Amino acid sequence: MEGQRLIFRSGFRVDLEPFEVPPPGPGQVLLRVTRSQVSAGSELNGLRALDRSGPEAPGRPGGYTTVGRVLAVGPGVDGFKEGDRMLAFGNHASHVLVDLNDPLGWRSHPDRLPDGVSDEQACFAVLGDVALHGVRRAALQLDESVAVFGAGVVGQLTLQFVRLSGCYPIVSVDLVAARLEVARASGATHTVDASQGDSVAGVFAATGGAGAETVFHCSANPQLLQTTLEAAASRGTVVLTGSAPGTAEIGLQVELLRRELTIVGVYETGLFEPHAYWPWTRQRNRAACYRLIAGGGLRVDPLISHVAAPSEAQELYRAIAAGAGAAWMSVIFAWD
């Protein structure tokens, strides 16, 4: 059986190529993919890394969020059967071989999908898990003031979880007016258009001159860390949810030390099994996402800008790389 998949290559090329679909072996499940979601920050980092490796760098598959139906199961598989809907870690492809023997339980995939959540909506459970973990790490309190820098998908999901946590005011900061409009629907009580003025001043104005008690960095730009520190209230917390690559230069005396700020990193390392001090595994976070989506508490449909054929991938990745504009938000490839 022949399938198709996206391959990242140097020169910022994304090709659609055929491949032979293997049958599932012991402990494996073959997934017929219907939808795969682009994680813009991670995937652009991967494409740019290939460019740095030189023109002879071998291509590699892109993506990691896939949803579909079980096509076949291998010997010894319990808990999944043919026809089940599943979210699984896998690259952008028409078919994904899911190995249930993975001893590390990487990202604690897969999940059987509940009713009431569409395939497109289910894709958001992965980035929703990232956003929810950042909110949990922040340990927010009712009526705590919050600013979220970056109104991409992770920023929008963070805004929604902050809203569900009962925070006020909730300030969304971005360079794109159209994304700030979506942020209002996601729960922002105030918005700051950083293309039109000083974002730090905007956050202070929205918080009565105090700064935000918690600031979320949901951007791929590492240099934004300095700005988020400046926007925080005294003894406030800055949470790095955006997985920004590289290094950042920050001020120590005035910004960090004198105001006694806390910087919290978010990456979900090793959260496969619950323990007494942190029961919130990735699987539990995703289960919360499914429940909230089905119940209407987490609204992800407005975050989908494209449901596109894989043949359009090259054009879409170039648009994403051009910057955060009104032209795209969440891009999902349809493999059916």
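Laboratory data are not the source of any read-out in this text; all were calculated from the coordinates shown. From a predicted model like this one, the values you see are computed outputs, not experimental measurements. Cβ atoms come from the backbone with ideal geometry, glycine included; neighbour counts cover every protein chain shown.
What the table below lists for this structure:
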quantity: Prolate/oblate/rounded label for the chain (Cα gyration tensor, a/c 1.5); calculated: prolate
quantity: Mean separation of Cα contacts under 8 Å (6+ apart) over length of region 130-265, as relative contact order %; calculated: 22 percent
quantity: Dipole magnitude of region 130-265 about its Cα centre (Cβ charges: Lys, Arg +1; Asp, Glu -1), debye to nearest 20; calculated: 320 debye
quantity: 3J(HN,Hα) from dihedral phi, region 60-67, Karplus parametrisation 6.51/-1.76/1.60, rounded to Hz, x for glycine, proline; calculated: 9, x, x, x, 8, 10, 10, 9
quantity: Overall form of region 130-265 per C-alpha gyration tensor (a/c, 1.5; a/b vs b/c); calculated: rounded
quantity: Sparse-neighbourhood loop sites, trypsin sites (Lys or Arg not before Pro) in region 115-209 - DSSP loop, at most 10 other Cβ within 10 angstrom; calculated: none
quantity: Region 226-325: GluC sites (Glu not before Pro) in DSSP coil with no more than 10 other Cβ atoms inside 10 Å; calculated: 249, 260
quantity: Amide H contacts of residue 236 (H built 1.01 Å from N, under 5 Å, at least 5 apart or other chain); calculated: 262
quantity: The chain: relative contact order as a whole-number percent, Cα under 8 Å and 6+ apart; calculated: 17 percent
quantity: Region 69-152: GluC sites (Glu not before Pro) in DSSP coil with no more than 15 other Cβ atoms inside 10 Å; calculated: 82
quantity: Whole-Å distance, taken between Cα centres, linking region 139-188 and region 1-52; calculated: 32 Å
